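Here the structure is laid out as structure tokens; the discussion comes afterwards.
The values are calculated or read from the model by the stated rules, or taken from the named source; none is laboratory data. Only a predicted model underlies this, so the values are computations on that prediction, with no experimental measurement involved. We place every Cβ from the backbone using ideal geometry, glycine too, and count neighbours over all the protein chains shown. With ligands, DNA and RNA removed, areas are computed over all heavy atoms of the protein, side chains included. Shrake-Rupley method; radii C 1.70, N 1.55, O 1.52, S 1.80 Å.
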Amino acid sequence: MPNPTESQPTRVHIVSATRRTREEFWSASALGLSLRRFADDDRLVPWIAYENRQGLPDIYNQLIEPSVPAGVAVFIHDDVWLDDAFFVDRLLEGLEHFDVIGLAGNRRRVARQPGWAFVDESFNLDERSNLSGAVCHGDNASGRITRFGPAGVPVELLDGIMIAAHTDTLLRHECRFDPRFKFDFYDLDFCRTARQKAMRLGTWPISVTHQSRGAFGTDSWTAALHEYRNKWPD
């Protein structure tokens, strides 16, 4: 019989939105197949919006509510392979050092930048000394590594493919995702909001593979960029 004085394991909500059906998500998506590998880890609690047509903030904000059991919220894309066998342990370790963690980010912000890693709309990367973290890319797990810089350092902006935080920390700081940014710039906006509330952001070394490199320059992306700049005039 469990000892009532023993602390309960931290609940880790894996929050994602997918256009796939429930069956397709668990049988074919990178995230779904990855979570099946972690079936023995009862700390993981999937929170998946199937056949989703809503913006990501509408889904993500559902976890930032007092009615949701306290734990860690991992806001993550459905096309991400969880390569790290110690995924949960690394998450919890990172959140001992920062309020919000991600995989890659930028130590600084510059005026009118169109992405966490870019300094202009020609998509020129910022200087390597300002970048942090690493992400693998490829259709299959354990893809080719893209290294940006050392991980485990404070940053101003995080890549939105995965952002994690304790839900009670987000509630205490009243930090949520802005619904006006459906699929683009929700991450940069969230980071700006978190930093405005004096929250500590940082990268952490966690191995994942992302199947996509983003949709920069599309009409919807350009419209979101204008909205972002209107909200955050530098």
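Using a 1.4 angstrom probe, figure out how much accessible area the chain has per residue, in square angstrom, rounded to the nearest whole.
That works out to 49 Å² for each residue.
Seen from all sides and averaged, what is the projected area of the convex hull of the Cα atoms in segment 32-101, in nm²? All intermediate terms of the calculation are to be shown ahead of the outcome.
Numbers: hull surface 21.9 nm².
The directionally averaged projection comes out at 5.5 nm².
Quick check on the chain: helices-only [θ] at 222 nm, where DSSP H runs of length 4 and up contribute -39,500 (n - 2.57) each and the sum goes over total residues. Nearest 500, please.
Value at 222 nm, helices only: -7000 deg cm²/dmol.
Given C-alpha coordinates of segment 69-119, what is the ratio Rg to Rh with the Kirkwood estimate of Rh? All intermediate terms of the calculation are to be shown ahead of the outcome.
Details: Rg = 13.9 Å, Rh = 13.5 Å.
That ratio is 1.03, to two decimals.
Where nothing but the Cβ of Lys and Arg (+1) and of Asp and Glu (-1) is charged, how large is the charge dipole of the chain around its Cα centre, in debye to the nearest 20?
420 debye
Please compute P(r) over all alpha-carbon pairs of segment 165-225, binned at 5 Å starting from zero, and give each bin as a whole-number percent.
4, 15, 20, 20, 20, 15, 6, 0
Rounded to two decimals, what is Rg over Rh for segment 125-234 when you use alpha-carbon atoms and the Kirkwood radius? Write out the running numbers ahead of the final one.
On the way: Rg = 14.8 Å, Rh = 15.4 Å.
That ratio is 0.96, to two decimals.
Could you give me D for segment 1-132, from Stokes-Einstein at 4 °C and 1.567 mPa s, where the hydrodynamic radius is the Kirkwood radius over C-alpha pairs? Units µm² s⁻¹, please. Working shown, then result.
Working: Rh = 17.1 Å.
Estimated diffusion coefficient is 76 µm²/s.
State the percent of C-alpha pairs, over all pairs in segment 72-164, separated by a distance greater than 20 angstrom. Working shown, then result.
Working: 1597 of 4278 pairs.
Beyond 20 Å sits 37 percent of the P(r) for segment 72-164.
Could you work out Rg/(2.2 N^0.38 Å) for segment 104-145, with Rg from alpha carbons only? Present the calculation step by step, with values, prior to reporting the outcome.
Details: Rg = 12.1 Å, N = 42, 2.2 N^0.38 = 9.1 Å.
So segment 104-145 has a normalised radius of gyration of 1.33.
Between segment 44-118 and segment 129-146, what is the C-alpha centre distance in whole Å?
Taking the Cα centre of segment 129-146 as reference, the centre of segment 44-118 is 16 Å away.
Note down the magnitude of the dipole of segment 105-234 about its Cα centre, charges +1 on Lys and Arg C-beta and -1 on Asp and Glu C-beta and zero elsewhere, to the nearest 20 debye.
That gives segment 105-234 a dipole magnitude of about 360 debye.
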